[in-house]
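Shown next, in structure tokens, is the structure this report addresses.
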Amino acid sequence: MLKAICSAKDLTVNSYYDCVSDIIGCSQLNGLKDITHHVSTTRFQHCVNVSYYSYLVCRKFRLNARSAARAGLLHDLFYYDRREYNSAKSKGQPSHSRYHSLEACVNASVVTELTHLERDMIEKHMWPVTVSMPKYKETYIISVIDKYCAVLEFCVPKVQQIVRGKTQ
């Protein structure tokens, strides 16, 4: 069953899945299932989280929810270890926060043809760290949702540990 953090819904049986069904099983995304991300989750799960919640918010505001779901799923499509990148980078190279979104966009364009909107969402999801401002409302949404999901992915397991510790 495919789920997003803090959601009990099976994402494979709703309209969200229709937006991403052609790309969610691709080998490039499956490669993210073994990479730890934000301490307690995988990079794949983080992408699902961002994808699903961006989809919901954009749908609520009658924006392009399909592109939000797709860009959210592909926004962190990179394979290097960010800690190694940051420690090995030389002066003049962009920080991981700036670099990985460009790398993800290149990798995403191998998976599927990207619209201008999806490209903007992937390249600028780290705004305000990115140099350029987002062009679309959906890009601002994915940027905020990405940070929201990162906080959830860090905090929810910690809270669960505390709760489990008190009930034992």
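The values are calculated or read from the model by the stated rules, or taken from the named source; none is laboratory data. Keep in mind that this is a model prediction, so the values were computed, not measured. Counting neighbours? That spans all protein chains shown, and the Cβs are built from the backbone with ideal geometry, glycine included.
Screening Val39 on (1) assigned to a loop (DSSP other than H, G, I, E, B); (2) at pLDDT 90 or above; (3) in contact with a helix residue (DSSP H, G or I) (Cβ under 7 Å, 6 or more places away or on another chain) shows it passes everything except condition (2).
Name the single residue that is farthest from Tyr140 (Cα to Cα) among those in region 6-42 being surrounded by 20 or more Cβ atoms within 10 Å (Cβ to Cβ) and out of contact with any Phe, Trp or Tyr (no Cβ under 8 Å at 6 or more places or on another chain). This residue is Thr41. If we keep just the residues of region 96-134 that are in a loop (DSSP other than H, G, I, E, B) and charged (D, E, K, R), which is nearest to the chain's Cα centre (by Cα)? The residue in question is Lys124. Return yes when Gly25 is among the small types (Gly, Ala, Ser), at pLDDT below 95, closer than 19 Å to Lys3 by Cα and not in a helix (DSSP H, G or I) and no when it is not. Considered against the rule, which asks whether it is among the small types (Gly, Ala, Ser), at pLDDT below 95, closer than 19 Å to Lys3 by Cα and not in a helix (DSSP H, G or I), Gly25 comes out as yes. There is no residue in region 154-168 that is surrounded by 11 or more Cβ atoms within 10 Å (Cβ to Cβ), at pLDDT below 90 and in contact with a helix residue (DSSP H, G or I) (Cβ under 7 Å, 6 or more places away or on another chain).
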